[in-house]
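Presented below is the structure to which this report refers.
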Amino acid sequence: MGDGISSFWGPVTSSTEWCEQNYARSYYVAEFFNTVSNVPCILLALIGLINALRQRFEKRFSVLHVSNIILAIGSMLFHATLQRLQQQGDETPMVWEMLLYIYILYSPDWHYRSTMPTFLFLYGAVFAIVHSQIRFEIGFKVHYLVLCLLCIPRMYKYYIHTDDRSAKRLAKLYLGTLLLGSICWLSDRVFCKDISRWYFNPQGHAIWHVFMGFNSYFANTFLMFCRAQQREWNPRVAYFMGFFPYVKIEKPKTQ
């Protein structure tokens, strides 16, 4: 919420602000909670990246985890500055990440191996150029929602074709964190005026970040399991310290 407070970054130039008082805790950080709440996203993506590299999953999953890290860093910079350039550095990777999810979800059944990545790469490049020149706040949200919706039918197909209960639980955790995070996001946007009068701000957008960190981790882990099944790597869901899930595989010796 803009309040005219002087700051290190100058006047707000982003097209979007959230329901957190600007520079309430630091002269250098516009939205403190919305900034630091991205740290769990980075840590979870690092865990996923280490597991993907250690077990030599396909490079697409390493790239996916790295994209989660880049997105979280972009979000931190955006919320810390509330500047237009940093907003683009947050929103453009959001679209790129969804294009990567679309590739991972649909590529196994795509008959022409080079056409899909080529098209998605060009699409992402064109979007980045257009987005750097044109501000379209509502249009961006609709566009991003459409990309998300394109992933849901394929995720459901993977879910119903997976018999492993632990893998199905990952998919349910993915859906649950998405729904809970979306409620927090909507509440922060729709009821901001009311929340601003409260003695305590629940920081709905910051909680959304945390939920989305876990959401991405559960989605990535579920997709790694499904892909390992396709490759006949005998995957199973293991649990670090008895509760934190990750995928463990056993590749045939010929691989």
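The values are calculated or read from the model by the stated rules, or taken from the named source; none is laboratory data. Bear in mind that the values here come from a model prediction, so they are computed numbers and not experimental data. Here the Cβ is made from the backbone with ideal geometry for all residues, glycine too, and neighbour counts use every protein chain on show. Heavy atoms of the whole protein, side chains included, go into the accessibility calculation; ligands, DNA and RNA do not. Shrake-Rupley method; radii C 1.70, N 1.55, O 1.52, S 1.80 Å.
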Query - the chain, dipole about Cα centre (Lys/Arg Cβ +1, Asp/Glu Cβ -1), debye to the nearest 20 - result: 980 debye
Report summary line: Ratio for segment 203-244, C-alpha Rg to 2.2 N^0.38 Å, reads 1.50
Report summary line: Kirkwood calc, segment 1-105, C-alpha pairs only, radius in angstrom 14.7 Å
**Report entry** Charge context of Arg165, other residues only, Cβ under 12 angstrom, K/R +1, D/E -1
**Finding:** +2
Report summary line: Neighbours of Gln203 by Cβ distance under 10 Å: Lys/Arg at +1, Asp/Glu at -1, summed charge -3
Query raised in the report: Taking +1 at the Cβ of each Lys and Arg and -1 at the Cβ of each Asp and Glu, which of Val63, His111, Tyr101 sits farthest along the dipole of segment 26-151 towards its positive end, judged by Cα position relative to the Cα centre?
Result: His111
Query raised in the report: What distance in nm separates the simple spin-label points at Arg84 and Phe119, each placed 7 Å from Cα in the Cβ direction?
Result: 3.3 nm
Query raised in the report: Ile160 to Leu186: extension gain in nm, 0.36 nm per residue of separation minus the Cα-Cα distance?
Result: 6.4 nm
Report task. With the convex hull built on the Cα atoms of segment 120-255, state its orientation-averaged projected area in nm². Result -> 12.2 nm²
Report summary line: Computed over segment 122-239, protein heavy atoms only, probe 1.4 angstrom, the accessible area per residue in square angstrom equals 58 Å²
Query raised in the report: Relative to the longest principal axis of the chain, what angle (0 to 90°, nearest 10) does the C-alpha long axis of helix 59-81 take?
Result: 10 degrees
Report task. Name the cysteines of the chain that stand alone by the Cβ rule: no other cysteine Cβ under 4.7 angstrom. Result -> Cys41, Cys148, Cys151, Cys184, Cys226
Requested in this report: Tabulate in residue order the Karplus-calculated ³J(HN,Hα) for segment 120-128, using 6.51 cos²θ - 1.76 cosθ + 1.60 with θ = phi - 60°, rounded to whole Hz; enter x for Gly and Pro.
Outcome: 5, 5, 5, 4, x, 5, 5, 4, 4
**Report entry** Spatial extent of segment 97-145: Rg and Dmax, with the Cα atoms as the point set, Å
**Finding:** 12.7, 37
Query raised in the report: For the chain, what ratio Rg/Rh do Cα atoms give with a Kirkwood hydrodynamic radius?
Result: 1.00
Report summary line: Two pseudo-spin positions, 7 Å from Cα along C-beta at Trp198 and at Val36, lie apart in nanometres by 1.9 nm
Query raised in the report: What angle, in degrees between 0 and 90 and rounded to the nearest 10, separates the Cα long axis of helix 137-160 from the longest principal axis of the Cα atoms of the chain?
Result: 30 degrees
Query raised in the report: So how many Lys-Lys pairs in the chain land under 19 Å Cα to Cα, not counting same-chain pairs under 8 apart?
Result: 5
Report task. Determine the share of the chain's accessible area contributed by carbon and sulfur atoms, expressed in whole percent, with a 1.4 angstrom probe. Result -> 68 percent
**Report entry** Residue-by-residue Karplus 3J(HN,Hα) for segment 42-58, coefficients 6.51, -1.76, 1.60, Hz, glycine and proline x
**Finding:** 5, 5, 5, 5, 5, 4, x, 5, 4, 5, 5, 6, 4, 9, 6, 5, 4
Query raised in the report: Tell me, what HN-Hα J-couplings in whole Hz come from the Karplus equation 6.51 cos²θ - 1.76 cosθ + 1.60 at θ = phi - 60° for each residue of segment 98-105, using x for Gly and Pro?
Result: 5, 5, 5, 4, 4, 4, 5, 6
